[in-house]
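Report on one structure; see the data block that follows.
The values are calculated or read from the model by the stated rules, or taken from the named source; none is laboratory data. Given the structure is predicted, the values throughout are model-derived calculations rather than measurements. We place every Cβ from the backbone using ideal geometry, glycine too, and count neighbours over all the protein chains shown.
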Amino acid sequence: MSLGGVKATVHDGENITPEYVKTLTEPTANFLCKLSDNWAQFRFRGFKIRDMVSNITLVEVPDDEIENDDLIEDEDPTKRLIKYHLGPDFLYLRTVGLTMNFSIGP
């Protein structure tokens with residue numbers, strides 16, 4: 001189904017549209033989109049988290065460490081998550097920057 005150029009799927013009986021997503025007030029228990037819904041072929045290409053005051057990089061994951069092509073629809077959905085423990089001192093940082101890189105297409 002296509003709504004205004006945005007592909008929608010059905011998740012738990014709900015059509016996933018931008019309007020539906022705007023009504024959400026908390027994280028969802030599951031991913032709202034299947035991997036096969038990625039018709040534009042968005043690819044995650046890495047990220048960096050840094051303290052903006054000292055310009056110290058806390059975490060950097062470059063493109064060559066990202067496994068975009070190995071994801072299969074029926075696999076464990078936790079493979080689509082990125083988790084880091086930054087420690088309690090992270091909460092004292094005044095300004096944190098996040099740079100995320102994506103590409104579109106093959």
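Observations on the structure shown:
- Enumeration of residues in the range 78-103 that are surrounded by fewer than 10 Cβ atoms within 10 Å (Cβ to Cβ) and assigned to a helix (DSSP H, G or I): T78, P88, D89, L91, Y92
- In the range 41-57, the residues that are within 12 Å of T99 (Cα to Cα) reach residues that are charged (D, E, K, R) and part of a strand (DSSP E or B) with C-beta atoms within less than 7 angstrom, at least six apart or across chains, in these pairs: K48/E60; T57/K48; T57/R50.
- In the set S54, S36, only one residue is among the polar types (S, T, N, Q), loosely packed, with under 13 Cβ neighbours inside 10 Å and modelled with pLDDT of 90 or more; that residue is S54.
- Within the range 39-51, the only residue that satisfies the criterion of being in a strand (DSSP E or B) and loosely packed, with under 15 Cβ neighbours inside 10 Å is F42.
- Filter result (within 19 Å of I82 (Cβ to Cβ) and of a type in the set (A, V, I, L, M, F, W, C)) within the range 15-48: A29, F31, L32, C33, L35, F42, F44, F47
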